[in-house]
Protein chains: 2
Amino acid sequence: MSRVYVQNFSISLDGFGTGEGTSRDTPFGHAGERLHEWMFETRWWRKASGQSDGSGGIDDAFVRQHDAGIGIEIMGAGKFGYPGWHEDPDWKGWWGANPPFHTPVFVLTHHLRSPIEMEGGTTYHFIDASPARALEMAREAANGQGIRIGGGAIVVRDFLAAGLVDHAHIVVTPILLGRGVRLWDGLESLEQRYEIEAVSSPSGVTHLTFSRRGA
Amino acid sequence: MSRVYVQNFSISLDGFGTGEGTSRDTPFGHAGERLHEWMFETRWWRKASGQSDGSGGIDDAFVRQHDAGIGIEIMGAGKFGYPGWHEDPDWKGWWGANPPFHTPVFVLTHHLRSPIEMEGGTTYHFIDASPARALEMAREAANGQGIRIGGGAIVVRDFLAAGLVDHAHIVVTPILLGRGVRLWDGLESLEQRYEIEAVSSPSGVTHLTFSRRGA
């Protein structure tokens, strides 16, 4: 049975996973890149960018779990594209010709189109389904490998609220965005279903891990 | 010049400093005591309760900074009493005859009454003033010692928003309350004015410290 993961999902101290004012030029709105700066300093990221330096500590240990054993990603329409992408027949996501997923990706959207096959093993499939139904379809496609819930904040929240996530790794960054899309809304008492660990990094972020009790 | 402190102020992962439904029997609403359980395990707290055991680690190191060098506390009406306390002429706060403050306490309220002198050095003064004006009055009364902003969440938020806090210690507990009074609202970009450290404790909480740049 495929396990379901949230990985490296970054939020601000005040709980926003995306800022306000997302657009083609600003995928995270007024947050810019600030939610993810901790990641850019890791050896894992630096290597993917063709560099040989970077930190090898706790941030790197977490971030490099991104790929291993994942058979498919489910993402929201707002992660796949800017508001209005569905009116652009040439839009193929933010990640260029060879996206970093290297697996099938289910894009949850009301605007269906044909699958898009990219280089490196990534194929975007567009589906209009509830979290539970999307997960059923993903389990069939994952061949027993893990399923990543890729975000954005609303999609992660919906899957958590529906009790569909086995392991979640949330990264709290020391900034206050003040506005945007909140991760935690409507998740009262979530701690009763998970073992939670918190560990702070010298980089200033705190890694929260949620492991489902009995999973 | 007196420094201004927020100490041991506990919030949930989703940022609530108080739950919903506060009353005389439930000072923190549906949160109950859960925001403060980390504190009850410390040697400092246990000793104050007449016990000799308790943890002597990071939680204890933080919590016992509560008293040293503090000359006065400013608190909100919602910390002093339950909704409607001002209609009860005999209400003297939640803390019994010998409250844990041992200094003057300014209670911010529109419902003024005469000062109440308690045992152990605590005297409650009731003042109707803005954060900035209350702080001016507190500086005069503090004799150069520190000023504690005692809460609740709205009062801490108001003093932070007005740029009046030198050091803040916020404790993030691994629970999701879902509803109540949010600490972080309206504090966008607060990190630009503070050095922020995060350190997690084996107890599961994360201690955030904000130190004002240049202070």
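If a spin label sat at a point 7 angstrom from the Cα of A:ASN98 along the line to its beta carbon, the backbone N atoms of region A:29-56 nearer than 18 Å would be those of A:44-52.
Beta bridges assigned by DSSP with both partners in region B:4-212 are antiparallel in approximately 45 percent of cases.
Give the calculated FRET efficiency between A:TRP91 and A:ASP67 to the nearest 0.05, with a Förster radius of 30 Å applied to their Cβ-Cβ distance. Computed FRET efficiency for A:TRP91 and A:ASP67: 0.75. Buried accessible surface for the A/B chain pair comes to about 2000 Å², total over both chains, computed with a 1.4 Å probe.
As a length-normalised measure over Cα pairs under 8 Å and 6 or more apart, the relative contact order of chain B settles at 30 percent.
Using a cut-off of 20 Å between alpha-carbon atoms, which lysines can reach A:LYS92, once sequence neighbours fewer than 8 places away in the same chain are excluded? Qualifying lysines at Cα under 20 Å: A:LYS79. Comparing each chain alone with all protein chains together (probe 1.4 Å, DNA, RNA and ligands left out), the residues of region B:5-31 losing at least 50 Å² of accessible area are B:LEU13. Here region B:4-212 exposes an accessible surface that is 49 percent carbon and sulfur, computed with a 1.4 Å probe and the other protein chains kept in place. In nanometers and ordered shortest first, the copy-to-copy spacing of the A:ARG46 label point, defined 7 Å from Cα toward Cβ, is 4.4.
For the protein assembly as shown, the solvent-accessible area of protein heavy atoms averages 45 Å² per residue (probe radius 1.4 Å; ligands and nucleic acids excluded). Computed from point charges on the beta carbon alone (+1 for Lys and Arg, -1 for Asp and Glu), the dipole magnitude for the protein assembly as shown about its Cα centre is near 240 Debye.
The packing ranking, built from the mean of other Cβ atoms within 10 Å per residue, places the peptides A:151-157, B:135-141, B:41-47, B:92-98 in the order A:151-157, B:41-47, B:135-141, B:92-98, highest first. Which one of A:HIS86, B:TRP94, A:PHE101 has its Cα pushed farthest toward the positive end of the charge dipole of the protein assembly as shown, where Lys and Arg give +1 and Asp and Glu give -1 at the Cβ? It is A:PHE101, whose Cα lies furthest towards the positive end. Within the protein assembly as shown, DSSP assigns beta bridges of which about 45% are antiparallel (rounded to the nearest 5). Label-to-label distances for B:LEU112 across copies, nearest first, come out at 7.0 nm, using points 7 Å from Cα in the beta-carbon direction. In region A:171-189, the residues whose accessible area drops by at least 40 square angstrom when the other protein chains are added to the isolated chain are A:PRO174, A:LEU176, A:ARG182, A:TRP184, A:GLU188; the probe is 1.4 Å and only protein heavy atoms count.
The values are calculated or read from the model by the stated rules, or taken from the named source; none is laboratory data. Given the structure is predicted, the values throughout are model-derived calculations rather than measurements. Quick reminder, even Gly has a Cβ in these numbers, built from the backbone with ideal geometry, and neighbours come from all protein chains shown. Areas reflect the complete protein model, heavy atoms only, side chains present, ligands, DNA and RNA absent. Shrake-Rupley method; radii C 1.70, N 1.55, O 1.52, S 1.80 Å.
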